[in-house]
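*Asks:* I have a structure here, written as structure tokens, and I will follow up with some questions on it.
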Amino acid sequence: MAALKTAPLRLQHDALRQHMAALKKHLNPFLLTQNATEVRATLTQLFAEFGKHLQAEARDLYPTLASSTDADTKAVAERFGLEMKQTLPRMAEFNRHWPDAASIRANASQFLKEADGMTKWLERRIAAENAQLYPLLDKSDVAQLGDLTGSDLKIARI
């Protein structure tokens with residue numbers, strides 16, 4: 001079924017949003033220093049989920065879209081893939097730059113600025129994938145179903 005291939009990816013987006021919501025609760029200059037340990041733990045969870053999501057997309061999304069015969073589909077997939085390749089080093093650097101609660105406490109204002117930028121980018125990316133990229137995979141799945149008019153499919157009357 002068409003939605004089945006994107007359903008796990010969309011569920012992962014929901015999990016990423018939950019981690020970001022937990023993080024945002026602490027992105028407050030008055031709370032950050034006392035909650036830096038929880039913030040770092042939430043970042044660890046967020047980046048672990050993000051890594052799983054990227055692996056799933058690399059396995060289940062991009063190969064299918066790249067093999068499409070539709071030039072527009074290929075172009076959109078390439079654009080999304082390129083953007084991710086360009087952004088991943090910055091995401092990894094953000095994660096390395098704030099390895100523990102002490103580093104977050106030591107420069108809380110810089111952390112707040114960087115964390116805000118990272119979460120805003122990730123939110124925009126999730127929205128764009130849901131609206132532009134995943135429908136292409138759904139469309140591809142529907143097209144693969146083919147023409148069922150001559151099949152032995154029987155529909156029960158209720």
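The values are calculated or read from the model by the stated rules, or taken from the named source; none is laboratory data. Treat the numbers as computed from the prediction; the structure is a model and nothing was measured. Methodologically, a virtual Cβ is constructed for each residue, glycine included, from the backbone with ideal geometry; neighbour enumeration extends over all protein chains shown.
*Asks:* On the basis of being part of a helix (DSSP H, G or I), surrounded by fewer than 18 Cβ atoms within 10 Å (Cβ to Cβ), among the hydroxyl-bearing types (Ser, Thr, Tyr) and out of contact with any His (no Cβ under 9 Å at 6 or more places or on another chain), does residue 73 make the cut? Before you say what the answer is, go through the steps one by one.
*Replies:* On the way: part of a helix (DSSP H, G or I): yes; surrounded by fewer than 18 Cβ atoms within 10 Å (Cβ to Cβ): no; among the hydroxyl-bearing types (Ser, Thr, Tyr): yes; out of contact with any His (no Cβ under 9 Å at 6 or more places or on another chain): yes.
So residue 73 fails the test.
*Asks:* So residue 23 passes all but one of these: (1) farther than 19 Å from residue 127 by Cβ; (2) of a type outside the set (S, T, N, Q); (3) in contact with a Ser or Thr (Cβ under 8 Å, 6 or more places away or on another chain). Which condition number does it fail?
*Replies:* Status for residue 23: all satisfied but (1).
*Asks:* Conditions: (1) within 16 Å of the chain's Cα centre (by Cα); (2) closer than 21 Å to residue 113 by Cα. Residue 81 meets all but one. Number of the miss?
*Replies:* (2)
*Asks:* Residues to consider are 13, 53, 19, 26; find the one that is crowded, with 17+ Cβ neighbours inside 10 Å, assigned to a loop (DSSP other than H, G, I, E, B) and not basic (Lys, Arg).
*Replies:* Working: 13 fails: assigned to a loop (DSSP other than H, G, I, E, B); 53 fails: assigned to a loop (DSSP other than H, G, I, E, B); 19 fails: assigned to a loop (DSSP other than H, G, I, E, B).
Criteria check complete, one pass: 26.
*Asks:* Give all pairs with beta carbons closer than 7 Å in which a residue from segment 101-113 that is free of Cβ contacts under 8 Å to residues at least 60 places away in the same chain meets a residue that is part of a helix (DSSP H, G or I) and not hydrophobic (A, V, I, L, M, F, W, C); count only pairs at least 6 apart in sequence or on separate chains.
*Replies:* Hits for this filter: zero, empty list.
*Asks:* Among the residues of segment 100-118, how many are touching a helix residue (DSSP H, G or I) at 6+ places or on another chain (Cβ under 8 Å) and either β-branched (Val, Ile, Thr) or more than 13 Å from residue 33 (Cβ to Cβ) (or both)?
*Replies:* 5
*Asks:* Considering only segment 59-70, state which residues are exposed (fewer than 12 other Cβ atoms within 10 Å of the Cβ) and either part of a helix (DSSP H, G or I) or among the acidic types (Asp, Glu) (or both).
*Replies:* Within segment 59-70, the first condition is being exposed (fewer than 12 other Cβ atoms within 10 Å of the Cβ), and the residues that meet it are 59, 63, 67, 69.
Residues satisfying the conditions are 59, 63.
*Asks:* Quick one: residue 80 ticks every box in (1) out of contact with any Asp or Glu (no Cβ under 8 Å at 6 or more places or on another chain); (2) surrounded by 17 or more Cβ atoms within 10 Å (Cβ to Cβ); (3) modelled with pLDDT of 95 or more except a single one, so which number is it?
*Replies:* It is condition (1) that residue 80 fails.
*Asks:* Condition first: part of a helix (DSSP H, G or I) and farther than 15 Å from residue 25 by Cα. Now tell me which residues in segment 105-116 satisfy that. Write out each step before concluding.
*Replies:* First pass over segment 105-116, keeping only residues part of a helix (DSSP H, G or I): 105-106, 108-116.
Passing the criteria: 105, 106, 109, 110, 114.
One line per residue, one yes/no per condition, for (1) modelled with pLDDT of 95 or more; (2) at positive phi; (3) in contact with a Phe, Trp or Tyr (Cβ under 9 Å, 6 or more places away or on another chain):
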| position | (1), (2), (3) |
| --- | --- |
| 101 | yes, no, no |
| 106 | yes, no, no |
| 115 | yes, no, yes |
| 123 | yes, no, no |
| 142 | no, no, no |
| 146 | no, yes, no |
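*Asks:* Next question. Can you pull out every residue in segment 52-70 that is among the charged types (D, E, K, R) and within 16 Å of residue 88 (Cβ to Cβ)?
*Replies:* 52, 57 - these are the residues of segment 52-70 that are among the charged types (D, E, K, R) and within 16 Å of residue 88 (Cβ to Cβ).
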